[in-house]
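The values are calculated or read from the model by the stated rules, or taken from the named source; none is laboratory data. As the structure is a computational prediction, the values presented were derived from the model and not from experiment. No Cβ is skipped: glycine too gets one built from the backbone with ideal geometry, and neighbour counts run over all protein chains shown. Heavy atoms of the whole protein, side chains included, go into the accessibility calculation; ligands, DNA and RNA do not. Shrake-Rupley method; radii C 1.70, N 1.55, O 1.52, S 1.80 Å.
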Amino acid sequence: MTAATAITAPGLAGPATAARPRIGREWTLALPLATFFAVFFVTPLLLLVAVSLYADAEMTRFGLDQYIRFFGDAFNLAVLGSTLLLGVKVTALTLLFGYPLAWLYTRSGPRMQSALILVIILPLLTSVVVRTFAWIVILGRDGIVNNLLLSLGLAETPLRLLYTEGGLVAALVQVQMPLMVLPLITTLLRLDPNLLDASAALGAGPWRGFLKVTLPLSLPGIVAGCLLTYAASVTAFITQSLVGGGQMLFMPQYIYQQTITLHNWPFAAAISIVFMVSVLGVVMLFNLLGRASKGYVHA
């Protein structure tokens with residue numbers, strides 16, 4: 001019996017006939033999600049782009065005037081730059097404090113791990129508004145930090161901690177810490193502990209083993225944590241507004257002002273598009289670093 005006869009014979013299903021229904025079922029299963037994605041993401045995004053192409057606030061004519069206005073004003077570029085830089089600062093500090101916490105979790109016993117994971121995910125169990133107001137109490141003129149400094153004699157008058165960039169960065173680091181620590185824990189738990197023993201047997205000390213073995217192998221978790229933390233920190237409207245106050249202006253607040261206060265929807269849409277593209281550019285950079293780290297790990 002030939003191969004063609006075997007494929008078409010009754011009761012026998014060849015590879016070609018078996019693959020077709022599977023592909024059809026996959027498309028059927030993906031259709032609800034694709035429809036949801038198209039209706040609630042693609043369509044609003046296209047509408048946002050269309051609104052940004054109106055040349056005037058009354059939305060009577062089309063043009064690129066809103067984008068020309070944005071890139072032609074140094075103030076707008078400064079707001080965009082400060083927002084992107086804020087994300088870099090928060091991400092760097094979150095990684096600096098989050099990596100030791102994740103490392104401690106992987107080296108602890110079951111009871112200690114239970115306590116640490118509760119501390120790590122506790123910010124996720126609390127409303128961001130509650131956490132932000134807690135930082136207002138901590139950093140306020142009569143807050144915990146100032147009262148402690150005054151009682152210890154380290155300051156003669158209350159320091160201005162609230163409505164400053166330093167206070168905002170500290171609040172965002174605490175709020176976004178779980179987004180950094182959880183991917184790091186996942187990556188560190190997958191590492192073979194025998195690798196450090198092997199490096200020690202070859203003469204590498206603890207720090208050298210960490211820098212040459214643990215740190216490179218944990219790069220995928222670092223990239224994932226940085227990606228999540230950066231995207232969340234630059235778009236943290238509530239924390240930026242309440243802790244930063246009116247002294248500093250970032251892109252989410254700028255968009256809010258243009259829509260709610262000035263009712264300039266085309267310019268607000270243009271700001272949103274520029275901001276989204278800028279953040280996506282940083283995200284693409286993190287993705288490239290993630291791919292490079294995977295190639296390094298598997299090399």
**Fill in**
Taking a crude spin-label model, label points 7 Å out from Cα along the C-beta direction, the Ala38 to Ala200 distance in nm is 5.8
**Message:** Let's test the formula: R0 of 22 Å, r as the Cβ-Cβ distance of Ser82 and Val277. What FRET efficiency results, to the nearest 0.05?
**Reply:** 0.80
**Request:** Calculate the length of the line joining the C-alpha centroid of region 157-213 to that of region 254-273, in whole Å.
**Result:** 38
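Output the DSSP H helices from the chain with an along-axis C-alpha extent of no less than 18 Å and a mean Kyte-Doolittle hydropathy no less than 1.0.
Details: long enough: 15-37 (33 Å, 0.23); 74-106 (47 Å, 1.40); 165-189 (34 Å, 1.58); 219-234 (22 Å, 1.69); 265-298 (49 Å, 1.36).
Correct list, ordered by number: 74-106, 165-189, 219-234, 265-298.
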**Prompt:** What figure in square angstrom, to the nearest 10, would you give for the accessible area of Phe210 with a 1.4 Å probe?
**Reply:** 50
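Quick check for you: with a 1.4 Å probe and neighbouring chains kept, what is the accessible area per residue of region 122-256, in Å²? Kindly include the intermediate steps, with their values, before the conclusion.
On the way: 6910 Å² over 135 residues.
Accessible surface, normalised per residue, equals 51 Å².
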**Asked** For the chain, what % of the accessible area comes from carbon and sulfur atoms, probe 1.4 Å?
**Response** 71
**Asked** Can you list the residues of region 242-277 with backbone N under 20 Å from a point 7 Å past the Cα of Phe62, pointing along Cα to Cβ?
**Response** 265-274
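With a 1.4 Å probe and all protein chains kept in place, how do Ile185, Ile136 rank by accessible area, largest first? Don't skip to the answer; put the middle values down first.
Working: Ile185 10, Ile136 40 Å².
Ranking Ile185, Ile136 by accessible area, largest first, yields Ile136, Ile185.
Express in nm, to one decimal, how much length is gained between Gln247 and Ile144 on full extension, taking 0.36 nm for each residue of separation and deducting their alpha carbon distance. Intermediate results must be reported in sequence, preceding the final value.
Details: separation 103, 0.36 × 103 = 37.08 nm, distance 2.20 nm.
Difference between extended and current length: 34.9 nm.
Once you order the gyration tensor axes a ≥ b ≥ c over the Cα atoms, which shape class does the chain get: rounded for a/c under 1.5, otherwise prolate or oblate by comparing a/b with b/c? Write down the numbers at each step before the final one.
On the way: a/c = 2.36, a/b = 1.16, b/c = 2.04.
Oblate shape, in that a/c is at least 1.5 and b/c is the bigger or equal ratio.
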**Request:** Report the residue, chosen from Ala34, Ala74, Ala236, that carries the largest GNM mean-square fluctuation when the chain is represented by alpha-carbon nodes joined by springs under 10 Å.
**Result:** Ala34
**Message:** For a quick check of understanding: with a 1.4 angstrom probe and all protein chains in place, what accessible area in square angstrom does Trp265 have, to the nearest ten?
**Reply:** 130
**Fill in**
Once Leu118 and Asn287 are pulled to full extension, the length gained, defined as 0.36 nm per residue separation minus their Cα-Cα distance, is 57.9 nm
